[in-house]
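Below you will find the structure I want to go over with you.
Throughout, read-outs are computed from the coordinates displayed, never taken from laboratory work. As the structure is a prediction and not an experimental result, all values here were calculated from the model. Cβ sites come from the backbone with ideal geometry, for glycine too, and all protein chains shown count toward neighbours.
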Amino acid sequence: MTTILIIEDEQVLSETLSYNLERAGFDVATASDGIAGLEKARQLCPALIILDVMLPGLDGFSICRTLTRERMVPIIMLTALQDESHRIAGLELGAIDYVVKPFSMGELLARVRSILRWNERQRQAPGPDVLEVGDLRLDRVSRQVWLGDHEIELSYKEFDLLACLMHNSGVALSRDLLLERVWGSEFPGSNRTIDVHIRWLREKLEADPANPVMINTVRGVGYRFQGPAAQAMRKTGTDG
């Protein structure tokens, strides 16, 4: 049975989440503070973690940062904070999704199922273990990315998005297609999520993010990852 770990100090919310997830067929473990939550995550190796931001002992951001460096685990962060900067911080630390309280249980269950289905599809048909385009190298097994000799730290979804783009190098991919392949068909967010993550990738990978040479915008469509030959053509002015 698929195990989900809930790290949440609000007892009523934790019990409500547990009840609904168990009814949906999941095995559920809980922790009510950050230190215990981190220990359980390491012991149980759950398929997914639902993680509150504000926790006693150790906050959710610290837990997220630690776990995503240790192993590949999808994390949905919960918060009562409405500030966009907190949502961005969680995503940049490696969270796969961010849910603001109060939320509907139906929405959360849809996100959980979508994430788990995506992970299963990735395991069944992951594509090549290592993708290389020019000086950029991506290892799907270790979930590491290098640009030359320098390792680039990416969040969970930044990594998946880059892997999708590199695997389809030279192909124009629409925002909707990228959203479906990386976030899943039931993701309730806007396809502008893609634009935000593309901006973050460019800031980490491009020498000049304002004038990208690897991740190009295709007007009216979406984005295309350029291979070394296409980049060289652009630099010499022969690529339109």
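In nm, to one decimal, how far is the Ile35 label point from the Glu206 one, both placed 7 Å along Cα→Cβ?
About 4.5 nm, to one decimal.
Based on the mean of other beta carbon atoms within 10 Å per residue, what is the order of 132-139, 205-212, 50-57, 12-19, most packed first?
Numbers: 132-139: 16.8, 205-212: 12.2, 50-57: 20.5, 12-19: 15.2.
Per-residue mean Cβ counts within 10 Å order the peptides as 50-57, 132-139, 12-19, 205-212.
Taking 0.36 nm per intervening residue step and subtracting the Cα-Cα distance, what contour gain separates Ser169 from Gln144 on full extension? Write out the running numbers ahead of the final one.
Details: separation 25, 0.36 × 25 = 9.00 nm, distance 1.85 nm.
Stretched fully, the Ser169-Gln144 segment lengthens by 7.2 nm.
Another question, if that's okay. Mean separation of Cα pairs under 8 Å and 6+ residues apart, divided by the residue count of region 17-74: what relative contact order is that in percent?
30
Need one number: nm distance between label points at Asn20 and Phe103, each 7 Å from Cα along Cα→Cβ, rounded to one decimal.
Result: 0.9 nm between the two label points.
Report the gain in length on full extension from Ala80 to Val218: 0.36 nm times residue separation, minus Cα-Cα distance, nm rounded to one decimal.
On the way: separation 138, 0.36 × 138 = 49.68 nm, distance 3.68 nm.
Stretched out fully, the Ala80 to Val218 stretch lengthens by 46.0 nm.
Between Gln43 and Glu151, what is the label-to-label distance in nm when each label sits 7 Å out along the Cα-to-Cβ direction?
Output for this residue pair reads 2.8 nm.
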